[in-house]
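The structure under discussion appears below in the form of structure tokens.
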Amino acid sequence: MYRTVKRRCRKCQVVGLDVLDQAEVDRYIGSFYGRLSDVWRGRLKIVGIHNYTDVNRNEPEGATPSPGTSLIIRAVHRYNKRARFWFTEVGALVSFRTFYPYSEERQATNLPKMFRLAHNYRRAGVERLYAYNWFAAESGPCGEACKFDSGLVGLDGTPRPSYGVFEAHLREISR
């Protein structure tokens, strides 16, 4: 795929690995890089991170935060010290199956975490953040029955409480 994209667009940057911050992701990263030659390890300059766990886990006051993002960055840097990172899919969840029952308030409370993570890991190579998703779950106005919903606005385009939080943090990082 890398060759195909580069043939069509020499200036395009290609995400070579995209991982979720879940248990044993470091083992997967080691296995992935272990199958690459030194040449391809060097070419794999951008790694995508889906750090939903770090953003959405509600840690008790004073607890150690979920280490997913840090674990991914450390594991990748073992194989390529110059790798850069994009948060290619991240967001605060309104709902996700039974793990996170429907709550727009929780989403608004957790949303700043994705911006803090991007800021905190900037020196480690985090360059971009792609929030997922703009609109509510597309399966209709499912409310509490949604299997996955991280939309900043409802299906009708009405801003959720998280929209204002998102907008405020964008202003902060755009300066």
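No lab work stands behind these numbers, since they all come straight from the coordinates. Just so you know, these numbers come straight off a predicted model, no measurement behind them. All Cβ positions, glycine included, derive from the backbone under ideal geometry; neighbour counts span all protein chains shown.
A few points about this structure:
- Note that segment 27-41 has calculated 3J(HN,Hα) couplings of 5, 4, 4, x, 5, 4, 5, x, 8, 9, 6, 4, 4, 6, 4 Hz, one per residue in order, obtained from phi through the Karplus relation 6.51 cos²θ - 1.76 cosθ + 1.60 (θ = phi - 60°); glycine and proline are x.
- Restraint check, 6/45; 11/45; 6/81, Cα-Cα greater than 20 Å: 6/81
- Placed amide H near residue 94: partners under 5 Å, 5+ positions off or other chain: 149, 150, 151
- Once backbone amide H atoms are built at 1.01 Å from N, residue 129 has 87 as its partners under 5 Å, excluding neighbours fewer than 5 places away on the same chain.
- Spacing of the two label points (7 Å from each Cα toward its C-beta) at residue 35 and residue 57, in nm: 2.7 nm
- Under-5 Å amide H pairs with residue 83, H placed in peptide plane, nonlocal only: none
- Over the chain: helical MRE at 222 nm, DSSP H runs n ≥ 4 each giving -39500 (n - 2.57), nearest 500: -11500 deg cm²/dmol
- Remark: spin-label model distance residue 4-residue 128 equals 1.9 nm, labels positioned 7 Å along the Cα→Cβ axis.
- FRET efficiency, residue 20 to residue 168 (Cβ-Cβ, R0 41 Å, nearest 0.05): 0.90
- Multiplying the residue separation of residue 153 and residue 43 by 0.36 nm and subtracting their alpha-carbon distance yields 35.8 nm.
- Relative compactness, segment 2-174, computed as alpha-carbon Rg over 2.2 N^0.38 Å: 1.11
- Crossing angle, helix 68-77 versus the chain [Cα axis fit, 0-90 degrees, rounded to tens]: 10 degrees
- Counting neighbouring Cβ atoms within 10 Å and putting the fewest first, the residues 11, 113, 6, 81 line up as 11, 81, 6, 113.
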